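The numbers here are math on the coordinates, done by the rules we state, and not lab data. It should be emphasised that the depicted structure is a prediction, and the values quoted were computed from it without experimental measurement. Please note: Cβ atoms are built from the backbone with ideal geometry, for glycine as well, and neighbour counts cover all protein chains shown.
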Amino acid sequence: MPNWVSNWGTITVSSTHADEVKAALNEGRFLSYIAKPPTPEGDMDWQRENWGTKWEVDDSRVSVETECDEEVKLRVEFATAWSPPHEAYKTLWEMEHILDIQMYAEEGGMGFCSYWKNGDTDQFDDYEPPEDDEDEDEEPFDHWLKWVDEKLGTDLYIPDCSNNVITIAPRPEAVEAAVAAGNPFAAIMGLKAAMFA
């Protein structure tokens, strides 16, 4: 029995390919759509190497968040075994009809959370999931966002929670202060955030 990783976020796709991406998600064959296994019965070693997880997605859901003439932003959620499918995202990002990927993941039992945004990724192995007696109305994403914000320093990161998508930007004075204080982690993360903005 695996530890299931919760994955969620948005994938923006050209309107000409939106239906096929939605179908792959709705039919639970999203990773096979990205990189088809060499044999019909699957090969877990191949899948780990090419998907980053050993099985196809489970419990997948997809909805249209925004749509215009040329592109569709899909809100997606699914579960994967043991780890998020970062290797599959690399292949997906190389497809011409994929315009933007912003995916997040967490698995509280292993204390793990991560993000993958258009080829840039990071993960944390000391994630602290909400306690059972914490606010039951709090969405998992909100807890995840608060934890990451505290982990990286609230003076350094300014989260925008609209539509459950993180937009982070550093305050220049916070980056300068981190450098002056000899905190290379905070300084590097601040510069990384500048690239996201």
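If the condition is being polar (S, T, N, Q) and part of a strand (DSSP E or B), then the range 59-90 contributes SER60, SER63, THR66, THR80.
If you go through the range 16-72 and keep only what is aliphatic (A, V, I, L, M), crowded, with 17+ Cβ neighbours inside 10 Å and touching a helix residue (DSSP H, G or I) at 6+ places or on another chain (Cβ under 9 Å), you end up with VAL21, ALA24, LEU25, LEU31, ILE34, ALA35, VAL57, VAL62, VAL72.
Residue by residue, here is whether (1) closer than 26 Å to GLN123 by Cα; (2) free of Cβ contacts under 8 Å to residues at least 12 places away in the same chain; (3) under 17 Å from the mean Cα position of the chain (by Cα) holds:
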{"site": "VAL5", "(1), (2), (3)": "yes, no, yes"}
{"site": "HIS17", "(1), (2), (3)": "no, no, no"}
{"site": "THR39", "(1), (2), (3)": "no, yes, no"}
{"site": "GLU49", "(1), (2), (3)": "yes, no, no"}
{"site": "GLU67", "(1), (2), (3)": "no, no, no"}
{"site": "LEU74", "(1), (2), (3)": "yes, no, yes"}
{"site": "TRP93", "(1), (2), (3)": "yes, no, yes"}
{"site": "GLU106", "(1), (2), (3)": "yes, no, yes"}
{"site": "GLY111", "(1), (2), (3)": "yes, no, yes"}
